[in-house]
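*Asks:* Next up is a structure, given as structure tokens.
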Amino acid sequence: MSIFDQPLISIGIQADKIRRNLWGKDTFYVKNLHINYTNICLNRCKFCVFSRRTGDPDGYLMSSEDILNNVRIHGKETKELHIVGGLHPDIKLDYYTEMLSALKSEFPDKALKAFSAVEAEFMARQSGLPPEKLFSRLKAAGLDSMPGGGAEIFDEKVRNIICPEKISGAKWLEIMETAHDSGIKTNATMLYGHFESSMDRENHLLLIRKLQERTGGFNAFIPLAFQPYGTVFDSNSPATAVDDLYVTAAARIILDNVPHIKAYWVMMGEKTAQIALHFGADDLDGTIVQENIAYAAGAKSKRGMTETELRHLITTAGLNPVERDSFYIKVA
């Protein structure tokens, strides 16, 4: 029987016990800024409303100076820059390394969490470098860690429905393993609430757990609720709060070797994310400032949140807000 077939309250109690044994009442957040450097993407995944084709009038590519200006204006107080974008066919490896170098030079105190496994695999193919050499170049330029996007759901039948153009789940795991072996910590994700079964969810979590057993390279797991609005799956019902809580609790129980589980308020919504803090999650992510990708697909939450608002969500949930940096070190 799948863990998702057990009563929600039952696994919620188990997950909350694990969370409290690990972190007590401490609940983490980070002052971060999301930067989406381009919306032009070769993949054009069916569930993505954010991406554009080359030549589309609303397609864009930010220069390094554009990105620096964005941080100067919106990211003065941030500890982490979360940088992801599309697979732009016309940019080379130098674009990415120059971006990282420019940011690290002007903002040495900000951690650069950049590029999903999908982007890294694309860079490796475009540059002709094996992934381990690619990661060496990116680290030298200033890369500190990687986000967990692009995992979606590992089951290939479901993956072929929602994102057949994207690298396989096996390739995602392979790229992440290479990143970990290169000394780069990453996050992991799962996109749920579309065509996956309970066993697809459980198997996805188990594969992340097995990789963590080998490498210890995952900092956190982030459940991502599917946003159907504006996609070819617009008629699908979105993930429910029950889905959100089931996935959060199951993740905390199965991923007993991954330190942190996030309640990503952007996709869950602020109120469900608050409840998820009692179903195994110990991290609300961060201020974000301006979220673009989920918002394009109809996310109903705010596009950014103040530190005061984040702390209020945590304290009114009866927990202790703790500001962290990108590596979960408490900020004094």
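Values in this text are rule-based calculations from the coordinates and carry no lab data. Predicted model only: the values in this text are computed from it and were never measured. When we count neighbours, we look across all protein chains shown, and the Cβ atoms used for this are built from the backbone with ideal geometry, even at glycine.
*Asks:* So if R0 is 35 Å, what FRET efficiency would residue 171 and residue 17 give, r being the distance between their Cβ atoms, rounded to the nearest 0.05?
*Replies:* 0.45
*Asks:* Which value, in debye to the nearest 20, describes the size of the charge dipole of the chain about its Cα centre when Lys and Arg Cβ atoms bear +1, Asp and Glu Cβ atoms bear -1, and nothing else is charged?
*Replies:* 280 debye
*Asks:* So how strong a dipole does the range 183-332 carry about its Cα centre when Lys and Arg Cβ are +1 and Asp and Glu Cβ are -1, to the nearest 20 debye? Kindly include the intermediate steps, with their values, before the conclusion.
*Replies:* Values: 14 positive and 17 negative charges, 43 e Å.
Once rounded to the nearest 20, the dipole reads 200 debye.
*Asks:* Express in nm, to one decimal, how much length is gained between residue 213 and residue 92 on full extension, taking 0.36 nm for each residue of separation and deducting their alpha carbon distance.
*Replies:* Stretched out fully, the residue 213 to residue 92 stretch lengthens by 40.1 nm.
*Asks:* Right, here's the next one. If you wrap a convex hull around the C-alpha atoms of the range 3-315 and split its volume per residue, what is the figure in Å³?
*Replies:* It comes to 121 Å³ per residue, whole-number rounded.
*Asks:* Net charge around residue 23, counting only other residues with Cβ within less than 15 Å of its Cβ (Lys, Arg = +1; Asp, Glu = -1)?
*Replies:* +2
*Asks:* Counting only helical runs of four or more DSSP H residues, what would the 222 nm mean residue ellipticity of the chain come to if each run contributes -39,500 (n - 2.57) and the total is spread over all its residues? Please list the in-between numbers first.
*Replies:* Values: 13 runs with 139 residues, N = 332.
Calculated from helices alone, the mean residue ellipticity at 222 nm is -12500 deg cm²/dmol.
*Asks:* Express in nm, to one decimal, how much length is gained between residue 199 and residue 232 on full extension, taking 0.36 nm for each residue of separation and deducting their alpha carbon distance. Before the final figure, lay out the partial values.
*Replies:* Numbers: separation 33, 0.36 × 33 = 11.88 nm, distance 2.45 nm.
Extra length from residue 199 to residue 232 when fully extended: 9.4 nm.
*Asks:* Ok, one more. Just the projected area, averaged over all directions, of the convex hull on the alpha carbon atoms of the range 47-194: how many nm²? Write down the numbers at each step before the final one.
*Replies:* Details: hull surface 37.4 nm².
Taking the Cα atoms of the range 47-194, their convex hull projects to 9.3 nm² on average.
*Asks:* Any idea what the alpha-carbon Rg over 2.2 N^0.38 Å comes to for the range 1-99?
*Replies:* That works out to 1.60 for the range 1-99.
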